[in-house]
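Right, one structure below, let's go through it.
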Amino acid sequence: MATPAASARALSLGAFATLLLIALMMGANHVAARIAFNNGVDVATAVVFRSAVTAAVIVAILMVQRVRITFSARHKRMLPLIGLLIGIQSLCLYSAVARLPVALALLAFNTYPIWTALWAWIVYQQRPERAMLIAMPVILVGLALALDVLGAASGLGASGQWSRIGTGVAFALAAAGTFGLALVLTQQEAGDVDGRVRTATTMLVAGLIALITVGLQGGFHLPQAPAGWGGLAALTFLYGTAFTIMFTVLPKLGVVGNSAIMNVEPVFALVLAWLILGQAIAPVQVAGALLVVGAVMVLGLRKR
């Protein structure tokens, strides 16, 4: 997980392409997750595999690069809490992906900048910037269009539409809320921790939370078909590779890991889900999706 900082340096072509590649892999990771879920894998099992492999890769990188690891008392208190929040976020987001069209789950999750501003205000008394206050209604209107909240595009009406998408939307918004709080705490309490170290600890704690969930529900739910194994392997590879690139390549390019350009992830997911899963949404929902993505990108790219 990256800190929500911004880079003042103009992006090089290589950095821009790398950011797009990460967004593509993250979008593909969620499409692969839906394939795994459709073939017997449950959410907690997917998070355990994904988190364990990613943590192992980052720890190996730390060992090879001989990174010195030191934690202050504040870090020891806050890093487990941040990991807990990311563990909950991971479970909630994959739960949304299992219930909604992939792109819509990611779009609802993409409201996390609003949650970040809200948590910064509640926890640290930091009033939202004017740009955020302007963008909030734009994001919410775009999300309402994308989710077809009145059921006009689906023909189900508001009641029928919400009975179909309500649970998935709730999970996606819960993921956005917990992720927003994790970003605020990271920036305020753990921003001085090496990004690789922070990611390793976060993934370890998130994996532990998912493992406890696996135990509570009676054990792992592994794939019941070859497609499920392919989906599980793909989501693990894509997620781990994206995070490895984020914390080993991007720092050398002078770009922070969560640059706004990566918020095109729902667009990639929309295309991939249509091509691979046959998931299609109405034109008005596509327009709403682009509105959300555009508003979030403008927020991320604004000058501070």
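The values are calculated or read from the model by the stated rules, or taken from the named source; none is laboratory data. Keep in mind that this is a model prediction, so the values were computed, not measured. With ideal geometry, Cβ positions are generated from the backbone for all residues, glycine too; neighbour counts draw on all protein chains shown.
Key figures
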| read-out | value |
| --- | --- |
| Residue in region 98-110 that is aromatic (Phe, Trp, Tyr) and more than 18 Å from Ala289 (Cβ to Cβ) present | no |
| Members of region 66-76 that are free of Cβ contacts under 8 Å to residues at least 12 places away in the same chain and under 20 Å from Gln188 (Cα atoms) | Thr70, Ser72, Ala73, Lys76 |
| Every pair of residues 6+ apart whose Cβ atoms lie under 7 Å, when the first sits in region 161-175 and is in contact (Cβ under 8 Å) with a residue 24 or more places away in the chain while the second is buried (at least 24 other Cβ atoms within 10 Å of the Cβ) and among the aromatic types (Phe, Trp, Tyr) | Ala172/Phe109; Ala175/Phe109 |
| Residue identified as β-branched (Val, Ile, Thr) and modelled with pLDDT of 95 or more among Val31, Val53, Val64 | Val31 |
| Filter result for the condition that a residue is part of a helix (DSSP H, G or I) and surrounded by fewer than 22 Cβ atoms within 10 Å (Cβ to Cβ), over Ala103, Ala56, Ala96, Ala44 | Ala56 |
| Pairs with Cβ under 7 Å, 6+ apart, first in region 87-115 and over 12 Å from Ala170 (Cβ atoms), second surrounded by fewer than 24 Cβ atoms within 10 Å (Cβ to Cβ) and hydroxyl-bearing (Ser, Thr, Tyr) | Ile88/Thr178; Gln89/Thr178; Leu91/Thr213 |
| Residue match in region 160-167 (condition: within 18 Å of Val286 (Cα to Cα), surrounded by 14 or more Cβ atoms within 10 Å (Cβ to Cβ) and among the β-branched types (Val, Ile, Thr)) | yes |
| Subset of region 224-250 [at pLDDT 95 or above, crowded, with 20+ Cβ neighbours inside 10 Å and more than 15 Å from the chain's Cα centre (by Cα)] | Gly231, Leu232 |
